[in-house]
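The values are calculated or read from the model by the stated rules, or taken from the named source; none is laboratory data. Keep in mind that this is a model prediction, so the values were computed, not measured. Reconstructed Cβ throughout: ideal geometry from the backbone, glycine too, with neighbour counts over all protein chains shown.
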There are 2 protein chains.
Amino acid sequence: MIKIINPSKKQFNELTQRPALSFDFLQAQIEEIFKEVAAEGDEALVKYTQQFDHVELDHIRVAPSRLKQAYDNLSVALFQSLKQAASNIRKFHEAQVPENIEVSINGNILVEQRAIPIDRIGIYIPGGSAPLISTILMLAIPANIAKCTEIALFSPPSDDGKIHPSILATAYFMGIQEVYQIGGAQAIAAMSLGTDSIKPVSKIFGPGNQYVTAAKEFALRNGTAFDLPAGPSELLIYTDGSGIPAFMAADLLSQAEHGADSQVILIAPTESVLDEVMQEINRQLKNLPRKEIAAAALEKSLAIQFESEEIAFEWINKYAPEHLIIASETPRKYIGKIRNAGSVFLGNYCPESAGDYASGTNHTLPTQQWAKSYSGVNMDAFYKKISYQEISRSGLDKLSKTITCLAREEQLEAHARAVEIRSSKSMKS
Amino acid sequence: MIKIINPSKKQFNELTQRPALSFDFLQAQIEEIFKEVAAEGDEALVKYTQQFDHVELDHIRVAPSRLKQAYDNLSVALFQSLKQAASNIRKFHEAQVPENIEVSINGNILVEQRAIPIDRIGIYIPGGSAPLISTILMLAIPANIAKCTEIALFSPPSDDGKIHPSILATAYFMGIQEVYQIGGAQAIAAMSLGTDSIKPVSKIFGPGNQYVTAAKEFALRNGTAFDLPAGPSELLIYTDGSGIPAFMAADLLSQAEHGADSQVILIAPTESVLDEVMQEINRQLKNLPRKEIAAAALEKSLAIQFESEEIAFEWINKYAPEHLIIASETPRKYIGKIRNAGSVFLGNYCPESAGDYASGTNHTLPTQQWAKSYSGVNMDAFYKKISYQEISRSGLDKLSKTITCLAREEQLEAHARAVEIRSSKSMKS
């Protein structure tokens, strides 16, 4: 880690910089994939799966019987874990279900807001050797609570030509029937454009590599929404000195093992705390299976001592971390100071991995300073909020002068007349 | 209008098509503007204002005294109208303020969600002869309710070298101190990148022409969020036969006068109702000031009779209109059938212009089928929802097996160890 003591305010912006992510160089390739999928449909999906995943598909959709079979073969331990995690995630997300709102304005005008689920969503689950089954829970549980009518899950086949059985089992556990063994930008193109065998979705959820991320941006231009701008995962630990160095080291390593581009930051009130945690990191790093990855991430990581608590939080809110651990015996002291973060972990017994899997919060969170303007995935992401107004004749009379005055100021005469025609006495159907 | 009787389901998709909006051709120009603003800052803003608005700026920010002066000079009628509209908008949006959520999971795990306002937002108000003052209300009122700390308003100077006084007056009325006389893509670039005299914002709100829209997409890639993908305004009227033709015609015209690209649709149960409304349109169109614009929009507009009410709503939800008027004496009969719309107007005395200005609902709404996945601007748009978890030592023990099992299934060993290190008995700070 790079140790920084009392950085000046001039350094503040520079220290918040993440590696710039630009997917512009992928534009041409992604555009080509979208064009092909639009023109050739399923055939293009089969072609790209051969090209990128080296798998010869004989069908695009996974047979529902294979989902059930994978589920039946789940180990008891994994099944129990999925069940407990799902139960906690469900509890927290059920508490977030938005209520319909009804407001009476002046008695004769009724204004409402209702949350209506997005009908059809797509979930992307990356492939590779490790099946990201927790992400299926994080996206399917709120979709089920919101009552999204249709969920389609996309994941690339592994080298053995199949989606990892734990992914299929978790999909079945979540009640997902529609699973397509398609990955990469072609999966995103299929979700956005549709093909003969795939109905397009209205919103795409889920993480992915740079191709998937670039394709999600492209899908947006094509009319398909997506959850969040994506970037490498981040953890910032703030300790007031009452955190436990071995625990903090373990948390920083759990973030660092995600990838060499993971962002890991430690803030402590004294240099000796910084040193202690760094020593612990070196000790724990040695026998980690993913130690090369973690070491690479740690190399560019920051260990900072600020001049004061106040300045530390000023900088933290500028940095806007995805995950923020308050390693303290009295973590609630700091909660009011946090303005920009994805998810906050309070106290010494609250590792980031608790939120990654099982505390009930969602792990799909804003990175790259997006926590300044974006929420992590929560129930809102699965609804549109529609507004309604009902106005009686006398209610409209009360608004008439205001509407016509503002409309004429904006030089929209027909807007004014649409009101006036309704108040003229003679009008009857 | 183009009359269509009993369209087949095969035509359904085609009938929902809006004109494709692609801003790709503007990319190079927008990129150049961003580069210039990044490199030259305020100087670039002055240069582009000269080039595009033909105005020689001697300062970028409008003096606060000019805002007050414009406010003091507001006509009584306009002031009263702003006041009534603002009061209704405030009532509806105050009712939407999200509540903090606290859930106890198994007694030892506390999970929370809090809505924290976005600190600094930018509002773009287009220029031209008509000052869109209602949009200032629609964006500044919820920002004020959410307690966004800073609001910066951008609008291009008119031919006379100044922002329209009604815009300045309304900004002052809303408590906005920071007004910049900069428009177009350069305003969006300034909001996203910042300059010597302008602090960057975290989220950009407000409508604009194709340059502004393309620039907002570009700003997103640069880390600045925006409210909604934009497109030409839309109105769909559904009548069950109990709507009043003259009223419906007036509403369709109020939409059509927005621009030649406005989307206007009428759905009625019989051809004779379609004909009656179309005759009324021709009658009312004659003495509208913006009749050329309205006529151009109407030329490509649709008047459709579907085979049944059920099929009509199936299509309406596929079309997903920005504004949906239910022209009926019993409009609530249909409310449960609406799944995709921006804002819904119930009954014969509820013109779209009521929602545009004064019913209390927000007029910044999703077009171009975005109502399938996006909400219109509402209170949520001005907050991030942050999640928090606090876990006791015994709470973590209860989660331990679940977290370690899922982490190891995902091959993230350090995630598992971050939990195990906390349950080992020997550990103490």
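Among the residues of the range A:189-206, those that are in a loop (DSSP other than H, G, I, E, B), crowded, with 21+ Cβ neighbours inside 10 Å and within 14 Å of another protein chain (Cβ to nearest Cβ) comprise A:Val201, A:Ser202. Consider the range B:382-411 and keep the residues that are in contact (Cβ under 8 Å) with a residue 60 or more places away in the chain and among the polar types (S, T, N, Q). The one that is farthest from the other protein chains (Cβ to nearest Cβ) is B:Ser394. Selection of the range B:152-188 for residues being under 19 Å from the mean Cα position of the chain (by Cα) and either under 13 Å from B:Gly122 (Cα atoms) or in a loop (DSSP other than H, G, I, E, B) (or both) yields B:Ala152, B:Leu153, B:Phe154, B:Ser155, B:Ala171, B:Met174, B:Gly183, B:Ala187, B:Ile188.
Before we move on, is B:Tyr374 within 12 Å of the chain's Cα centre (by Cα) and within 24 Å of B:Leu137 (Cα to Cα)? Criteria met by B:Tyr374. Would you tally the residues in the range B:371-381 being within 7 Å of chain A (Cβ to nearest Cβ) and either in a helix (DSSP H, G or I) or in contact (Cβ under 8 Å) with a residue 40 or more places away in the chain (or both)? Going through the range B:371-381 one residue at a time, the tally reaches 6.
Could you go through the range A:353-365 and let me know if any residue there is closer than 30 Å to A:Phe226 by Cβ and without any contact (Cβ under 8 Å) to a residue 60 or more places away in the chain.
Scanning the range A:353-365 turns up at least one residue that is closer than 30 Å to A:Phe226 by Cβ and without any contact (Cβ under 8 Å) to a residue 60 or more places away in the chain.
If you filter the range B:251-293 down to residues that are among the small types (Gly, Ala, Ser), under 22 Å from B:Ala130 (Cα atoms) and touching a strand residue (DSSP E or B) at 6+ places or on another chain (Cβ under 9 Å), you find that the one that is modelled with the lowest pLDDT is B:Ser262.
Matching residues to (1) modelled with pLDDT under 95; (2) not charged (D, E, K, R):
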residue: B:Ile304; (1), (2): no, yes
residue: B:Ser308; (1), (2): no, yes
residue: B:Trp315; (1), (2): no, yes
residue: B:Arg339; (1), (2): no, no
residue: B:Gly347; (1), (2): no, yes
residue: B:Leu365; (1), (2): no, yes
residue: B:Gln368; (1), (2): yes, yes
residue: B:Ala381; (1), (2): no, yes
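B:Ile237 meets the conditions (1) β-branched (Val, Ile, Thr); (2) surrounded by fewer than 24 Cβ atoms within 10 Å (Cβ to Cβ); (3) over 18 Å from the mean Cα position of the chain (by Cα) in every case but one. The failed one is (2).
Scanning the range A:189-198 for residues that are more than 22 Å from the chain's Cα centre (by Cα) and of a type in the set (Gly, Ala, Ser) gives A:Gly194, A:Ser197.
Within the bounds of the range A:65-81, is there any residue that is at the interface with chain B (Cβ under 10 Å from one of its Cβ atoms), assigned to a helix (DSSP H, G or I) and among the polar types (S, T, N, Q)? Yes, some residue in the range A:65-81 is at the interface with chain B (Cβ under 10 Å from one of its Cβ atoms), assigned to a helix (DSSP H, G or I) and among the polar types (S, T, N, Q). For the range A:40-55, does any single residue satisfy the condition of being of a type in the set (Gly, Ala, Ser) and in contact with a helix residue (DSSP H, G or I) (Cβ under 6 Å, 6 or more places away or on another chain)? Scanning the range A:40-55, I find at least one residue that is of a type in the set (Gly, Ala, Ser) and in contact with a helix residue (DSSP H, G or I) (Cβ under 6 Å, 6 or more places away or on another chain), so the answer is yes. Regarding B:Gln80, is this residue among the polar types (S, T, N, Q), surrounded by fewer than 18 Cβ atoms within 10 Å (Cβ to Cβ), more than 30 Å from B:Gln255 (Cβ to Cβ) and free of Cβ contacts under 8 Å to residues at least 60 places away in the same chain? Considered against the rule, which asks whether it is among the polar types (S, T, N, Q), surrounded by fewer than 18 Cβ atoms within 10 Å (Cβ to Cβ), more than 30 Å from B:Gln255 (Cβ to Cβ) and free of Cβ contacts under 8 Å to residues at least 60 places away in the same chain, B:Gln80 comes out as no. Within the range A:104-147, restricting attention to residues that are among the small types (Gly, Ala, Ser) and within 17 Å of the chain's Cα centre (by Cα), the residue that is farthest from the other protein chains (Cβ to nearest Cβ) is A:Ala140. Each residue in the range B:123-157 was checked for being closer than 17 Å to B:Ala190 by Cα and charged (D, E, K, R), and 1 of them qualify. The residues of the range A:7-55 that are outside any helix (DSSP H, G or I), over 24 Å from A:Lys199 (Cβ atoms) and touching a residue at least 60 places away in the same chain (Cβ under 8 Å), listed by number, are A:Pro7, A:Arg18, A:Pro19, A:Leu21, A:Phe23, A:His54.
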